[in-house]
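In what follows, a structure is listed as structure tokens, so that the remarks can point back to it.
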Amino acid sequence: MGRIQQPAWRLDGYRRAVNFCELHDLGYVGNKFTWERGRGTDGWVSERLDRALATTGWRVLFNRATVYHMEIACSDHMALFISLGISIRYSPMKFRFENSWLRETDVKEAVEEG
């Protein structure tokens, strides 16, 4: 927004690299643009420069992933926050010594190192 459209040849290398690597844009939630300059002036320019790309395999693993464009005060770029859409529960397990470990030849050295 606010800038003359760039010629296609300037973006062709980027597009070829993305296609060659079989990457896909993950889309976004939030402001359409991720970079701006000259806000509030006649020369105000906004563009979507920052993107999150992933392979098909990654997208299958994290099919609920969402990319958020988040404003930050100290930059002319928006921050990208990627939520994987999963919850991780951590439950520490109790340490239990196994008597069978005593049969291992290097158990004493392993304990001393630990």
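Mind giving me the FRET efficiency for F81 and F20? R0 is 35 Å, r the Cβ-Cβ distance, nearest 0.05 is fine. Efficiency for this residue pair is about 0.80. Cα axis of helix 8-20 to longest principal axis of the chain: angle in degrees, 0 to 90, nearest 10? Helix 8-20 sits roughly 20 degrees off the main axis of the chain.
Averaging the sequence gap over all C-alpha pairs within less than 8 Å and six or more residues apart, then dividing by the number of residues, gives the range 8-87 a relative contact order of 28 percent. Say a paramagnetic label sat at a point 7 Å from the Cα of I4, along Cα to Cβ; which residues of the range 43-87 have their backbone N under 14 Å from it? Under cut-off, by backbone N: nothing. Listed by Cβ neighbour count within 10 Å, with the fewest neighbours leading, T55, T41, T105, T34 appear as T105, T41, T55, T34. Over the residues of the chain, the helix contribution to mean residue ellipticity at 222 nm works out to -6500 deg cm²/dmol, using -39500 (n - 2.57) for each DSSP H run of at least 4. I want to verify a result. In a Gaussian network model of the chain, Cα cutoff 10 Å, which of these has the top mean-square fluctuation: Y90, Y14, Y68? Per the Cα network of the chain with a 10 Å cutoff, Y90 tops the list. Which of these values of semi-axes √(5λ) of the Cα gyration tensor in Å was calculated from the structure shown: [x] 49, 19, 15; [y] 22, 15, 13; [z] 32, 17, 11? Structure-derived value, by its label: [x]. The stretch between V111 and L11, if pulled fully straight at 0.36 nm per residue, gains 30.3 nm over its current Cα-Cα span. Neighbour counting of Cβ atoms within 10 Å sorts the residues H24, H69, fewest neighbours leading, into H24, H69.
L80 sits among other residues whose Cβ lies under 10 Å from its own Cβ, and their net charge, with Lys and Arg +1 and Asp and Glu -1, is 0. When M78, M70, M1, M93 are sorted by how many other C-beta atoms sit within 10 angstrom of their C-beta, beginning with the fewest, the order is M93, M1, M70, M78.
Build a GNM of the chain with springs between Cα atoms under 10 Å apart, and of A52, A17, A65 the one that fluctuates most is A17.
Rule-based calculations on the coordinates, nothing more; no lab input. As the structure is a prediction and not an experimental result, all values here were calculated from the model. Quick reminder, even Gly has a Cβ in these numbers, built from the backbone with ideal geometry, and neighbours come from all protein chains shown.
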